[in-house]
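Take a look at the structure set out below.
Derivation of every value follows stated rules applied to the coordinates shown; laboratory data play no part. Just so you know, these numbers come straight off a predicted model, no measurement behind them. Because the Cβ atoms are built from the backbone with ideal geometry, glycine has one as well, and the counts that use them run over all protein chains shown.
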């Protein structure tokens, strides 16, 4: 719990304040409700898979009822026709509830700039973290989750945006032996 | 490839075939709306045509050619699997006019005609269940018509009041500006990528509504939106 904790000498006790303790407990037990509508779902599955393993952060267990979940992943394009369903699912969740807008479409409508698409789910429901990308890589998704966990710890409900990621340059797998071409 | 189908149609219907056209293997016959169902049924039933594969019914909108020619082209795409031939049948209807349904010929025409009605508002006479298929019942108008406003949305859920400060710093290099593209500004040749909200936020343009803005005088080219990059 970091700075919020004071260890009382050798007594074996530590003090903290109640909100910090509550935030610490909440951020490691996020029960997610995946509202997956489009291609971003593949990256969401990759994030849940063994290589990236969202379970490491205590947010692995999906609840397929909004009443049992406290983190709503909105993954993919939300149409105007779908907006009432999304709104109702959000209202059915129990407090405290958090929302992540996964990908460009959920964040702003993306290139679906027309009569049919909601231009960002924050027009419908409050959003805690926006994760840009079309789709975002699993690393970016995990960064977004960690950003949300920090916000939960601090009790911060202001919407936040994951900064753009600089991916490491591509490296050729075989170039020492001359068996692969020089071009990267 | 299917010119013999066109010849067969002309042989059977003579002057009712208003025109035929062949372009790069696409063969097309134009008929009057009154002959639409008869021609389609002939294409299906005639053993020389044998159009057993219904592909699509769709519509193209040309409002600028009114009133000389009715604005909508109703297009039927059919194919014969056995004879390997394909043809397009076209008719022209205006606003408020009807065309016969083809559900009695191909059952598959049911949903495509519903889609055509949904998007363009052309009614199909005798259709068993002509409802909207993609859009919601509360939607007013037909969005693929050329005179439907390009930025008009009809939300079912009233939008929350969120200001532009909540917008993310998506840049032009992302290919997906965070927010709506300013189509009016884009058509006038300036401010190519930045959405109106971000442009106002960054002081590139005053907070005016696009309706009463004078677009005749292009302004100086704005700077692209700066995006923060995480240093590696």
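For the range B:23-49, which positions are surrounded by fewer than 15 Cβ atoms within 10 Å (Cβ to Cβ), touching a residue at least 12 places away in the same chain (Cβ under 8 Å), over 20 Å from residue B:81 (Cα atoms) and under 23 Å from the mean Cα position of the chain (by Cα)?
B:32 - this is the single residue of the range B:23-49 that is surrounded by fewer than 15 Cβ atoms within 10 Å (Cβ to Cβ), touching a residue at least 12 places away in the same chain (Cβ under 8 Å), over 20 Å from residue B:81 (Cα atoms) and under 23 Å from the mean Cα position of the chain (by Cα).
For the range B:63-78: of the residues being touching a strand residue (DSSP E or B) at 6+ places or on another chain (Cβ under 7 Å) and in a loop (DSSP other than H, G, I, E, B), which is surrounded by the fewest Cβ atoms within 10 Å (Cβ to Cβ)?
Result: B:69.
Which residues, counting only those in the range A:67-88, are over 24 Å from residue A:134 (Cα atoms) and surrounded by fewer than 23 Cβ atoms within 10 Å (Cβ to Cβ)? Break it down stepwise before answering.
First pass over the range A:67-88, keeping only residues over 24 Å from residue A:134 (Cα atoms): A:67-70, A:84, A:88.
Result: A:67, A:68, A:70, A:84, A:88.
So residue A:11 passes all but one of these: (1) assigned to a loop (DSSP other than H, G, I, E, B); (2) within 25 Å of the chain's Cα centre (by Cα). Which condition number does it fail?
Residue A:11 satisfies all of (1) assigned to a loop (DSSP other than H, G, I, E, B); (2) within 25 Å of the chain's Cα centre (by Cα) except (2).
I need the full set of residues from the range A:89-108 which are part of a helix (DSSP H, G or I) and surrounded by 24 or more Cβ atoms within 10 Å (Cβ to Cβ), in order please.
A:103, A:104, A:105, A:106, A:107, A:108
More than 13 Å from chain B (Cβ to nearest Cβ) and assigned to a loop (DSSP other than H, G, I, E, B): is that true of residue A:77 in this structure?
Here the answer is no, as residue A:77 does not meet what is asked.
Specify the residue that is farthest from residue A:73 (Cα to Cα); the eligible residues are those in the range A:109-134 that are without any contact (Cβ under 8 Å) to a residue 40 or more places away in the chain and part of a helix (DSSP H, G or I).
A:123
When only residues in the range A:135-162 that are in contact (Cβ under 8 Å) with a residue 40 or more places away in the chain and in a loop (DSSP other than H, G, I, E, B) count, which is farthest from the other protein chains (Cβ to nearest Cβ)?
Among those that are in contact (Cβ under 8 Å) with a residue 40 or more places away in the chain and in a loop (DSSP other than H, G, I, E, B), it is A:155.
Going residue by residue through the range A:14-25, is there one that turns out to be surrounded by fewer than 21 Cβ atoms within 10 Å (Cβ to Cβ) and assigned to a loop (DSSP other than H, G, I, E, B)?
For the range A:14-25, residues surrounded by fewer than 21 Cβ atoms within 10 Å (Cβ to Cβ) and assigned to a loop (DSSP other than H, G, I, E, B): present.
Go through the range A:110-124 residue by residue and tally those that are more than 7 Å from chain B (Cβ to nearest Cβ), under 19 Å from the mean Cα position of the chain (by Cα) and over 21 Å from residue A:146 (Cα atoms).
1
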